[in-house]
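One structure is given here, and the rest of the page talks about it.
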Amino acid sequence: MTASQSPRQRVVDLAFLDARSKLIDLAAFLDRVDRHPGSEDYRVAALKSALVELSGNEPDRARRVLEALSDPTEEPAPRAETQGATGAWRPPETCSPS
Amino acid sequence: MRYIEPHGHMVSRTTDDYLAMVTAGCKAVCEPAFWAGFDRRSAEGFYDYFCQLTEHEPKRAAKFGLPHFSWLCLNPKESEDLALAADVLALIPDFLDRPNVLGIGEIGLNKNTANELKVLEQHIDLAVSRDQLILVHTPHLEDKLKGTKLIIDALLNHSGTRPERVIIDHVEEHTAPLVLDKGFWAGITLYPESKCTPPRAVDMLETLGADRIWLNCACDWGVSDPLAVPKTALEMKRRGHSGDFVDQVLYRNPHRFLSQSPNFRLQEET
């Protein structure tokens, strides 16, 4: 880092390789999933849907990705079916009957 | 560098972690009541846990010269059983006068259920009636956005809530503005995979300002890093932020919020 660097250049220099590595990890994860037969997992589908937020030039990409993976409903749930979270909202119509 | 760890589940950590935190500049650690990783089966289990938080753990921390403070509650993961919740809530008032207790926390929601919301409202009422600070846990991952909105509504629906005495923790990019816009404090949790990384935390500080934000590691029995807060100072310095900015975020901000409790006094100030 030098004093003559622009702030934008400094940000890229600091974090580009880390971002590159994470992008390739994500690509490799999708390849890994696709090497195995089966239907699309709702979490992987949500991940792919959220990826479109990265391709544009609009700001607040992190916020929009988080919102894309969030439960969009507003009313409290009648009961907890589980204590954990999976990382992506599962629309009710795709839930398997219990 | 000095810092305050305002949210660490130290009962789950080793003495090596205490040593590392003090060596890194930690001046105080605050421990909210938490889920044990399994459901406790009786109110007696909680009684023992509250004794651990208010008697035993402060002694363990003191061996490293570290002041230890605690928050008390029933964690939202255990709020589905309303009868158990009532029994545990009845225990809490007797602990509130203990010298290291800062308030009620970490209360909140987990799966955003009706029962969790009832127990949250009971905790808010207890905190307000006893003039206690409130530390709020927001749900994980896909449940966070909805849960944060429900929590804010529950807090604001109570006429006695004073937002400046409430910190809503585990905010991320999609929830931090909701929290700050209503006058609450916001906690950013530096936690691998499920919450926030140091670069994203510094992004939020740069875009939202640092006025009512603290950083914490929330280290517990899961994969977590008790040194995540001082490591984030390194990220700030790499980006060119001043030592004064680092001190504001890591020490003065949590100190300002926590000092609203008469029990939060550090040795150099007495």
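No lab work stands behind these numbers, since they all come straight from the coordinates. Please read all numbers here as calculations on a predicted model, not as lab measurements. Every residue, glycine as well, gets a Cβ built from its backbone with ideal geometry; the counts of neighbours run over all protein chains shown.
Shape class for the range B:12-149, computed from the alpha carbon gyration tensor (a ≥ b ≥ c): prolate, with a/c not under 1.5 and a/b above b/c. Of the GluC sites (Glu not before Pro) found in the range A:1-67, those that fall in a DSSP loop while having at most 14 other beta-carbon atoms within 10 Å are A:GLU40. Set against the 2.2 N^0.38 Å expectation for a compact globular protein, the protein assembly as shown has a Cα radius of gyration ratio of 1.00. Taking chymotrypsin sites (Phe, Trp or Tyr not before Pro) in DSSP loop conformation with at most 16 other Cβ atoms inside 10 Å as exposed sites, chain B has its longest uninterrupted site-free stretch at B:39-220. Scanning chain A for trypsin sites (Lys or Arg not before Pro) in DSSP loops with at most 12 neighbouring Cβ atoms within 10 Å leaves A:36-78 as the longest stretch between them. Shown for chain B is the translational diffusion coefficient from the Stokes-Einstein equation, using the Kirkwood radius over Cα pairs, a temperature of 10 °C and a viscosity of 1.306 mPa s: 87 µm²/s.
Considering every Cα-Cα pair within the range B:7-84, what fraction, in whole percent, is farther apart than 14 Å?
Of all Cα-Cα distances in the range B:7-84, 61 percent exceed 14 Å.
State whether the range B:219-270 is rounded, prolate or oblate according to the following rule on the C-alpha gyration tensor (a ≥ b ≥ c being the square roots of its eigenvalues): a/c under 1.5 gives rounded; otherwise a/b larger than b/c gives prolate, and the remaining case gives oblate. It is oblate, given that a/c is not under 1.5 and a/b is not larger than b/c. With both labels modelled 7 Å from their Cα along Cα-to-Cβ, the A:GLN5 to A:GLU81 distance reads 4.8 nm.
Loop-located trypsin sites (Lys or Arg not before Pro) in the range B:31-86 (DSSP state other than H, G, I, E, B) with a sparse environment of at most 16 neighbouring Cβ atoms within 10 Å: B:ARG41, B:LYS63. Computed across the range B:92-209, the Kirkwood radius stands at 14.6 Å (inverse of mean 1/r, all Cα pairs). Taking a ≥ b ≥ c as the square roots of the eigenvalues of the Cα gyration tensor of the range A:8-70, is the shape rounded (a/c under 1.5), prolate (a/b larger than b/c) or oblate? Judged from the Cα gyration tensor, the range A:8-70 comes out oblate (a/c at least 1.5, b/c at or above a/b).
Estimated from helices alone, the mean residue ellipticity of the protein assembly as shown at 222 nm is -12500 deg cm²/dmol (sum of -39500 (n - 2.57) over DSSP H runs with n ≥ 4, per residue). Mean separation of Cα pairs under 8 Å and 6 or more residues apart, divided by the residue count, gives the range B:3-269 a relative contact order of 19 percent.
In this calculation the C-beta distance from B:LYS59 to B:SER129 is compared with R0 = 25 Å, giving a FRET efficiency of 0.25.
Look at the dipole of chain B built from charges on Cβ: of B:VAL171, B:LEU234, B:GLY37, the Cα furthest out on the positive end belongs to B:LEU234. The order of B:LEU117, B:LEU234, going from fewest to most other C-beta atoms within 10 Å of their C-beta, is B:LEU234, B:LEU117.
Label-to-label distance, A:LYS48 versus B:ALA83, with points set 7 angstrom from Cα along the beta-carbon direction: 4.8 nm.
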